[in-house]
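The values are calculated or read from the model by the stated rules, or taken from the named source; none is laboratory data. In this text the structure is predicted, and so the values were computed from the model without any measurement. Cβ atoms come from the backbone with ideal geometry, glycine included; neighbour counts cover every protein chain shown. Surface areas here come from the heavy atoms of the whole protein model, side chains and all, with no ligands, DNA or RNA. Shrake-Rupley method; radii C 1.70, N 1.55, O 1.52, S 1.80 Å.
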Amino acid sequence: MREYDVIVVGAGGAGLRAAIAAQEAGADVAMVTKLHPVRSHTGAAEGGINAALREGDDWRDHAYDTMKGSDYLGDAPAVEALTRESPKETIQLENWGMAFSRDEDGQVSQRPFGGLSFPRTTYAGAETGHHMLHTMYEQVVKRGIEVYDEWYVTRLAVTDEEEPEERDCEGVVAYDIKRGEIEGFRARDGVILATGGLGQVYDHTTNAIANTGDGVAMAYRAGVPIEDMEMIQFHPTTLPSTGVLISEGVRGEGGILYNSEGERFMFEGGYANNEGELASRDVVARAELNEVNNGRGIEDEYVHLDMRHLGEDRILDRLENILHLAEDFEGVDGLEEPMPVKPGQHYAMGGVETDEWGATCVGGLYAVGECACASVHGANRLGGNALPELAVFGARAGRHAAGDVDEASEITTGWSEDSEEGENVSPVALGEADLPSSGKGALADGGRQSPSGDSDPAVDAQGAEGVVEHAVQAERTRVHYLLEKEEGVNHAEVRSELQETMTENVNVFREEGALKDALEEIREARKEYQHVTVEDPSRTYNTDLIHTIETRNLLDVAEAITVGALARDEFRGAHWRKEHQERKDDEWLKHTMLSWNDGSPGLWYKPVVLEGEAKTYEPKERSY
Amino acid sequence: MSTQTEPPETDDETESTPEAEAEPEPRSPGDRRRAEKAAREAEREREEAEAEPDLGEDAVTLKVFRYDPEVEEKAEPRFDTFRVPFEKGMTVLDALIDARDTYDSSLTFRHSCRQAVCGSDALFINGRQRLGCQTQIADLDDDVVRVEPLPHQDVVKDLVVDMEHFYDQMEAVEPYFQTDETPDDELEEQHQSPENREKIKMSTRCIWCGACTSSCNIAADDNEYLGPAAINKAYRFAMDEREGEGMKEHRMELIEQENGVWRCQTQFSCTNVCPKDIPLTEHIQELKREAVKSNLKFW
Ligand SMILES: Cc1cc2nc3c(=O)[nH]c(=O)nc-3n(C[C@H](O)[C@H](O)[C@H](O)COP(=O)(O)OP(=O)(O)OC[C@H]3O[C@@H](n4cnc5c(N)ncnc54)[C@H](O)[C@@H]3O)c2cc1C
Ligand code: SF4
Ligand code: FES
């Protein structure tokens with residue numbers, strides 16, 4: 001067993017920042033990541049980082065824009081932490097050498113982005129994430145922080161108490177992809193989950209193939225509630241054939257959307273009379289689909305995004321990467337023609353419930369970045385707000401895990417006094433399906449200390465080490481089962497069925513019947529998954545095995561998204577319901593929470609915190 | 001306008017009409033959907049079966065290198081042939097994924113972003129280093145797509161190569177920003193002129209894919225040679241005006257060492273294969289010139 005003070009799972013922007021902060025606070029840190037750090041999906045971010053840096057701007061305005069953008073489902077203490085600390089973190093990146101785009105006077109440049117009242121998006125061409133990821137990784141190399149790359153974390157080692165709030169996370173179990181060995185990692189002070197997005201739940205997504213929601217699913221099964229999972233952002237400008245993103249920077253710089261009749265529909269269709277193309281993402285995504293569904297789409301599928309009028313110089317200076325993407329992935333020359341675009345899954349606003357320090361209700365377990373829900377984005381994330389989130393909350397969680405913070409938090413985690421029980425909304429049973437045999441087979445990966453039936457009596461280690469040892473044992477059993485099982489279903493089949501169901505039924509527009517269908521189909525997929533088998537017998541670099549375990553995580557995540565979407569019978573931010581065309585502030589200024597409860601998930605609610613340090617954010621009508 | 005208006009009806013198809021509702025419907029919507037789907041699938045399979053004879057036109061033939069030291073049948077390196085249906089816009093990565101998901105789930109390769117930013121799927125495709133996700137099948141001249149692991153690197157399994165040596169070389173050039181003076185105030189920037197940013201811009205684009213180093217004859221013969229990617233990384237920092245003169249000298253010393261820039265024989269193979277169009281050879285030449293200049297000054 002390997003032992004450290006702090007273990008960071010995932011090495012994208014959030015994980016790297018957390019590791020640096022924890023180490024600076026004196027902790028002995030290791031990062032465990034399924035991809036080499038520079039392969040993380042943060043590298044794909046294009047548009048920029050929001051930070052109130054300039055005279056005339058103020059972090060309080062940024063906080064206001066963010067709360068409004070969130071459609072009042074953000075928690076003010078987290079939103080204010082984000083906007084207050086983003087300038088410091090952004091300049092920190094600059095001081096680490098990040099190659100931001102520059103104004104004539106040598107200062108970092110800023111540009112306008114959707115939903116912002118000030119042009120406060122700081123950027124590095126249209127490849128901001130690439131620069132940010134590499135700059136942070138460079139600092140990790142400089143500091144000699146230990147990185148276990150191509151190690152896949154399959155399970156959290158959590159103590160066995162009845163109530164999640166009483167449990168502790170003692171470490172993780174990871175599978176060394178290159179050697180095929182399963183090993184335990186003990187964390188003396190804390191485990192920080194930074195596993196990124198879950199876009200692979202859908203088949204048209206801007207996310208990487210590795211974005212399979214592992215952290216969310218593992219924390220969920222370990223008993224940590226997951227929050228606002230229905231809040232999925234669909235980005236309005238993705239390339240139709242692949243889902244590759246065309247940055248909001250294009251609209252920020254003045255790009256225009258047209259329908260098949262050549263109308264600038266954001267204005268002419270009355271979708272956003274003031275902001276037009278720069279309205280917030282949910283508004284633009286719905287407007288586009290509306291045009292397509294009403295016969296004004298091109299090839300019945302997409303609309304056009306035109307940037308030709310910006311001129312070659314400006315495009316090359318600020319959006320060059322977009323030209324390459326349009327050319328390589330859609331065969332379109334953005335200097336000569338408009339680019340085809342349509343909405344695609346982009347970002348998960350929900351995730352592992354945390355407070356404004358990234359801490360969960362399980363002792364020693366943290367979550368940061370896209371896998372977490374602090375919650376700063378509420379029902380709709382503003383473009384350019386995820387990258388500062390990685391830096392701000394990465395740093396906060398790193399310091400907290402290393403024991404360097406003694407401030408109390410204002411956001412509660414876990415079940416508390418003001419929580420409210422939810423009613424069952426699903427037409428089918430949720431969670432685990434019946435098991436194929438008495439052993440727990442392919443599904444044997446609850447998060448708590450393994451049930452006695454699973455564990456090897458030879459493992460008699462006690463205390464924290466014992467918790468990790470037992471978890472290791474349970475994982476060895478599961479992997480053995482998967483590798484040995486003879487006949488069965490290939491995970492790819494289950495995965496593609498799941499993606500189809502989600503795309504068909506739990507997309508931009510949502511209605512009750514379809515959501516219920518989706519839950520039934522997810523149930524079917526769960527049953528099918530019990531017969532899943534790994535054909536590749538090899539221990540060396542067995543991606544068949546990894547993808548099979550990822551698919552299990554996708555099932556849990558998909559179910560949570562759909563249950564949340566069915567429960568929330570109102571229209572808020574990205575969550576549009578056909579039968580409920582208004583925001584219901586009386587009933588729904590609250591978060592949907594889902595708890596795994598050893599395989600029988602339960603739905604509950606907790607109130608939104610609208611009271612911040614700067615002000616109390618009174619819900620207003622959201623117009624752009 | 002408020003955003004809370006109802007978009008016009010969009011889902012007419014799925015909405016049942018009153019007549020349909022009146023009719024007894026014994027099955028759940030899920031059953032119905034599944035039955036429809038099964039019918040669709042059967043239809044597709046029939047079509048595919050019928051189309052089989054001329055798969056020739058619309059199919060891609062992949063010849064893929066296979067090797068797994070642990071599995072008896074694969075311990076001897078060989079090539080497997082896969083035929084996958086061709087679709088417009090298909091990339092080599094798409095074809096590999098299709099082959100793996102449909103025919104052989106043990107087929108192993110790295111991939112993630114599928115948009116040329118993560119650098120994980122650099123492969124030797126039809127005799128040249130390329131990113132699988134960035135290579136359109138239609139753009140390859142041959143009828144057969146031949147996919148091999150990057151040359152000059154140890155093969156772990158199938159198309160996966162060991163990248164450790166590449167990473168070690170990258171780290172050998174101290175690939176992190178270092179400066180003598182950092183601002184006291186946490187909100188103070190270290191200004192950089194737009195010209196200087198422009199100068200280093202191309203060098204900052206590297207995604208660590210390893211294509212360049214794999215294509216380099218000198219790197220192939222000489223394990224010590226830093227290789228084009230690492231030298232480019234050194235260039236990125238040496239040319240950054242914010243690091244200051246003292247640091248630049250230190251960087252030049254690193255680059256001038258025996259295994260540094262002087263090994264480069266200007267063959268341009270790295271520049272030719274770099275998927276990010278980084279002018280690697282030019283950067284190496286410029287560092288050589290700098291090295292000569294700084295030595296002259298030194299003497
Ligand atoms: C195309 C695109 C463009 C974007 N543009 C912008 C933008 O301009 N501005 C903005 O603010 N936001 C943007 N976003 C959003 C933002 O980039 C992401 O939310 C953010 O980068 C996520 O960072 P992360 O560190 O949480 O996760 P990631 O960068 O995805 O990193 C996840 C890490 O976790 C590891 N991991 C995952 N599962 C496991 C496991 N089981 N075991 C071990 N390791 C694991 C992975 O190896 C990886 O290192 C964009 C997103 C996309 C997809
Ligand atoms: S320089 Fe180009 S070819 Fe070489 S590793 Fe970087 S991106 Fe790949
Ligand atoms: S899959 Fe990321 S570069 Fe090709």
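So for region B:82-133, Kirkwood radius off the Cα pairs, Stokes-Einstein at 10 °C and 1.306 mPa s: how many µm² s⁻¹?
The Stokes-Einstein estimate is 138 µm²/s.
At most 10 other Cβ atoms within 10 Å and a DSSP loop assignment: could you name the GluC sites (Glu not before Pro) in region A:483-569 that fit?
A:486, A:487
Say the cut-off is 26 Å between C-alpha atoms; which of A:516/B:88; A:342/A:615; A:527/B:88; A:142/B:233 go over it?
A:516/B:88; A:342/A:615; A:527/B:88
Could you give me the radius of gyration and the Dmax of region B:161-299, taking only the C-alpha atoms into account and expressing both in angstrom?
Rg, Dmax (Cα atoms, Å): 15.3, 49.
Convex hull over the Cα atoms of region B:93-251, averaged projected area in nm²?
The number I arrive at for region B:93-251 is 12.4 nm².
Can you tell me the equivalent ellipsoid semi-axes for region A:497-624? Use √(5λ) from the Cα gyration tensor, largest first, whole Å.
35, 18, 14
Using square roots of five times the C-alpha gyration tensor eigenvalues, list the equivalent-ellipsoid semi-axes of region A:45-89 in whole Å, biggest first.
Here the semi-axes work out to 17, 13, 10 Å.
For the protein assembly as shown, what does the equivalent ellipsoid look like in terms of its semi-axes, each the square root of 5 times an eigenvalue of the Cα gyration tensor, given largest first in whole Å?
Listed largest to smallest, the semi-axes of the protein assembly as shown are 39, 33, 31 Å.
Report, in deg cm²/dmol and to the nearest 500, the calculated mean residue ellipticity at 222 nm for the protein assembly as shown, where each DSSP H run with n ≥ 4 adds -39500 (n - 2.57) and the sum is divided by the residue count.
Result for the protein assembly as shown: -10500 deg cm²/dmol, rounded to the nearest 500.
With both partners inside the protein assembly as shown, how many of the DSSP beta bridges are antiparallel, as a percent to the nearest 5?
70 percent
Given that compact globular proteins tend to follow 2.2 N^0.38 Å, what is the ratio of the alpha-carbon Rg of region A:469-529 to that value?
Rg over 2.2 N^0.38 Å, computed on Cα atoms: 1.51.
How big is D, in µm² s⁻¹, for region A:305-404 by Stokes-Einstein at 10 °C and 1.306 mPa s if Rh is the Kirkwood radius over C-alpha pairs?
D, rounded to a whole number, is 98 µm²/s.
At a Cα cut-off below 23 Å, give the lysines reachable from residue A:620, other chains included and same-chain residues fewer than 8 away excluded.
A:68, A:578, A:584, A:590, A:606
Kirkwood Rh and Cα-based Rg: tell me the resulting Rg over Rh for region B:233-299, rounded to two decimals.
Ratio of gyration radius to Kirkwood radius for region B:233-299: 0.99.
In cubic angstrom, how much convex hull volume per residue do the alpha carbon atoms of region A:231-376 span?
Normalising the Cα hull of region A:231-376 by residue number yields 133 Å³.
What GluC sites (Glu not before Pro) does region A:223-324 have in DSSP loop regions with at most 11 other beta carbons within 10 Å?
Hits after loop and neighbour filter: A:261, A:299, A:301.
What translational D, rounded to a whole number of µm²/s, comes out for region B:60-163 from Stokes-Einstein when the hydrodynamic radius is the Kirkwood one over Cα pairs, at 20 °C and 1.002 mPa s?
It diffuses with D of about 157 µm²/s by this estimate.
Less than 27 Å apart at the alpha-carbon level, and either on another chain or at least 8 residues along: which lysines does that give for residue B:157?
A:34, A:178, A:485, B:63, B:74, B:276
Where does region A:251-315 land on Rg(C-alpha)/(2.2 N^0.38 Å)?
So region A:251-315 has a normalised radius of gyration of 1.09.
Using a simple charge model, +1 on the beta-carbon of Lys and Arg, -1 on the beta-carbon of Asp and Glu, nothing else, what dipole does the protein assembly as shown show about its Cα centre, in debye to the nearest 20?
Roughly 1940 debye for the protein assembly as shown.
Enter the mean projected area of the convex hull around the alpha-carbon atoms of region A:563-618, in nm², rounded to one decimal.
Projected area, direction-averaged: 5.1 nm².
Would you report the distance distribution of C-alpha pairs in region A:347-403 as whole percents per 5 angstrom bin, up to the bin with the largest distance?
Spelled out per bin, shortest first, that is 4, 22, 34, 23, 12, 4, 1.
For region A:152-247, just list the percent of Cα-Cα distances falling in each 5 Å bin from zero outward, please.
Taking all Cα pairs of region A:152-247, the binned fractions are 2, 11, 17, 19, 15, 12, 11, 7, 4, 1 percent.
When the expected Rg is taken as 2.2 N^0.38 Å, what fraction or multiple of it is the alpha-carbon Rg of region A:34-128?
Compactness ratio reported: 1.13.
Report the accessible area of residue B:250, computed with a 1.4 Å probe over the heavy atoms of all protein chains in place, in Å² rounded to the nearest 10.
Its heavy atoms expose roughly 60 Å² to the probe.
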